[in-house]
Every structure is written in C-alpha cells, then in structure tokens.
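Scroll down for the structure; my scribbles are underneath it.
The values are calculated or read from the model by the stated rules, or taken from the named source; none is laboratory data. What you see is a predicted model; the values in this text were computed from it and never measured. Heads up, the Cβs are rebuilt from the backbone with ideal geometry, glycines too, and the neighbour counts pull from every protein chain shown.
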C-alpha cells in the first residue's frame, strides 16, 4: 500500500465577522464539492476512502471503516471551529491544501508553515497550529484595527496615496501583514485597506 499521511485540522477559524450566520456555508460546500450532514449547528463533511485497500495482520479491513475521513464545522466566536481527521495519500496533500486555501479556510502562508513544521517535527497539523498560533485572522474588526494603526503610524504615505500614488497600496498591505505577523486574511486586508485608505 502507498504511504498515507493523516491530516488533522482543528482550531482554525473560517472567515466571518459578528455571528456564525455570516459564515459562507455554501462556499464551504462548493470547496469540498459535497453537502454536509447537519446536526444542530455542526456541519460534518465525510470523505470515505473506498479506493484504498488496507490489510492488518493478514486481515483485510474495509476502507470505509478504517479510513473514513471527516471534517466538521461548528460556529464559534463569530466564525467557525474546524475539526476533523482526513486520511490522505502523499500525492493528495497539495491538491487538498489548495482547495482549503482557495476556499478561504487557511492562507497560503499558514499552509506553507504548517507543512514545513509537520515535515521537520513529525507533529500533526493541529499541534503545529496550536503551538505556533497560526490561525488565520478573518475577523473584520481585528483587521480594521490593524489597518487603522498602520495608517495612523504612516500619515505621510497615507497623504501621498490619497494624492494619487497608488503604488503605495503595496506598502500598506505589507505593513498590515507585518503587523498581523502574516496571519491576516489577505483578501480581507486588500478589501478593507482599499476602503480605509480612501476615507
């Protein structure tokens, strides 16, 4: 059997602001290309591995029993807690991570750091995320506060930007990402920064 890599996701926050109702559940459905089982406020996506054959001590184990991966989302703190266990082949990790990044669940920077640490230390993703505080910041209020602080700390550049030096936008993006230690959701930073710089 080809090597398998278990991938555990927990404690990551999905983009949202004030309440769980703002989480884009349809976007998650599209990202995972399936509908979840819903129980109360928990949405669980199943990923059965019927394509694999597993033998343990000469006994064939049904893949659906042994390799049933899942991811569940529960509204929490104005976003959603993600927990689960996915069984992936080494060749599947990159495509899955791309889907999670494109779906806004984690950022490219966070994914890169998580995988580097998993490789170096042998720790699972959950442990790396918790130990290094790598949860993507998608809280509008938190990002707006960082943006306000950056604009306040750079009044000269802000005045130049408002006078037509659009290239300074990249400077402000860089300053916001630096202030957030790379954790701010890049799409939200761009959107909110354009608005704030024009005020």
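Can you tell me which residues in segment 57-74 are in contact with a strand residue (DSSP E or B) (Cβ under 6 Å, 6 or more places away or on another chain), within 30 Å of residue 25 (Cβ to Cβ) and at pLDDT 65 or above?
Those that are in contact with a strand residue (DSSP E or B) (Cβ under 6 Å, 6 or more places away or on another chain), within 30 Å of residue 25 (Cβ to Cβ) and at pLDDT 65 or above: 69, 70, 71, 72, 73, 74.
Could you say whether any residue in segment 28-36 is part of a strand (DSSP E or B) and at pLDDT 75 or above?
So far as segment 28-36 goes, no, none of its residues is part of a strand (DSSP E or B) and at pLDDT 75 or above.
Check 177, 188 and return the single one that is part of a helix (DSSP H, G or I), touching a residue at least 60 places away in the same chain (Cβ under 8 Å) and on the phi < 0 side of the Ramachandran plot.
The conditions single out 188.
How many residues, within segment 161-173, are surrounded by 12 or more Cβ atoms within 10 Å (Cβ to Cβ) and in a helix (DSSP H, G or I)?
7
Okay, residues lined up against (1) crowded, with 18+ Cβ neighbours inside 10 Å; (2) more than 24 Å from the chain's Cα centre (by Cα); (3) in contact (Cβ under 8 Å) with a residue 60 or more places away in the chain; (4) not in a helix (DSSP H, G or I):
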residue: 117; (1), (2), (3), (4): yes, no, no, no
residue: 123; (1), (2), (3), (4): no, no, no, yes
residue: 159; (1), (2), (3), (4): no, yes, no, no
residue: 181; (1), (2), (3), (4): no, no, no, yes
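Only one of 82, 96, 23, 54 is out of contact with any helix residue (DSSP H, G or I) (no Cβ under 8 Å at 6 or more places or on another chain) and either at pLDDT below 70 or in the same structural domain as residue 182 (by TED's automatic domain parsing) (or both); which?
Only one candidate qualifies: 96.
If we scan segment 158-171, do we find a residue that is at pLDDT 90 or above and within 30 Å of residue 71 (Cβ to Cβ)?
No: zero hits.
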